[in-house]
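Shown next, in structure tokens, is the structure this report addresses.
The values are calculated or read from the model by the stated rules, or taken from the named source; none is laboratory data. All values derive from a computational prediction rather than experimental measurement. Reconstructed Cβ throughout: ideal geometry from the backbone, glycine too, with neighbour counts over all protein chains shown. Accessible surface areas use protein heavy atoms only, side chains included; no ligands, DNA or RNA. Shrake-Rupley method; radii C 1.70, N 1.55, O 1.52, S 1.80 Å.
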Amino acid sequence: QVQLVESGGGMVQAGGSLRLSCAASGRTFSLHHMGWFRQAPGKERGLLGFISWNGSTYYADSVKGRFTISRDNAKNTVYLQMNSLKPEDTAVYYCAAAPGTSWPPGKYDYWGQGTQVTVSS
């Protein structure tokens, strides 16, 4: 059982930065791949990127060069650093965990509750 809780969302002006955190429970956190997703109103939830158990990363083209995913296994936490934010980045952001048995990750079995990010112009 893995439980995830996102934090760090809020309001920021275009061009600003924000760092989201995802705290995980359990002692098996380091065995999971971690993904970040977002969902804007009326749109489908989309993948932003993911990080493997050993730190390998992937980013969607829409955020590549602006967003950075990292993890601290000792703290059971994964981070999403967001820079050069745009109004179109406004969405609910979710973290999720997938078994570390395949690469790229397969099914994400555990999800956080989401945190709102609003970017004003």
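Summary table below
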item: Qualifying positions in the range 20-45 - charged (D, E, K, R) and in contact with a Phe, Trp or Tyr (Cβ under 6 Å, 6 or more places away or on another chain); result: ARG38, ARG45
item: Residue count for the range 15-39, restricted to those that are closer than 13 Å to VAL78 by Cβ and assigned to a strand (DSSP E or B); result: 12
item: Count - residues of the range 58-82 that are among the hydroxyl-bearing types (Ser, Thr, Tyr), at pLDDT 95 or above and assigned to a loop (DSSP other than H, G, I, E, B); result: 0
item: The listed residue being at pLDDT 95 or above and of a type in the set (Gly, Ala, Ser), out of SER25, SER21; result: SER21
item: Pairs where the first residue, in the range 4-31, is farther than 17 Å from VAL63 by Cβ and free of Cβ contacts under 8 Å to residues at least 24 places away in the same chain and the second is open to solvent by 50 Å² or more (accessible area, probe 1.4 Å) and assigned to a strand (DSSP E or B), C-beta under 9 Å, 6+ apart; result: none
item: Odd one out for GLN116, checked against (1) surrounded by fewer than 13 Cβ atoms within 10 Å (Cβ to Cβ); (2) assigned to a loop (DSSP other than H, G, I, E, B); (3) in contact with a Phe, Trp or Tyr (Cβ under 9 Å, 6 or more places away or on another chain); result: (2)
item: From the options SER70, SER84, SER102, residue that is open to solvent by 60 Å² or more (accessible area, probe 1.4 Å) and either polar (S, T, N, Q) or more than 26 Å from THR28 (Cα to Cα) (or both); result: SER84
item: Scope the range 43-57; condition at pLDDT 95 or above, more than 10 Å from SER70 (Cα to Cα) and either open to solvent by 60 Å² or more (accessible area, probe 1.4 Å) or more than 9 Å from the chain's Cα centre (by Cα) (or both); matching residues; result: LYS43, GLU44, ARG45, GLY46, LEU47
item: Residues that are within 12 Å of the chain's Cα centre (by Cα) and either more than 20 Å from TYR110 (Cα to Cα) or among the aliphatic types (A, V, I, L, M) (or both), drawn from the range 33-42; result: MET34
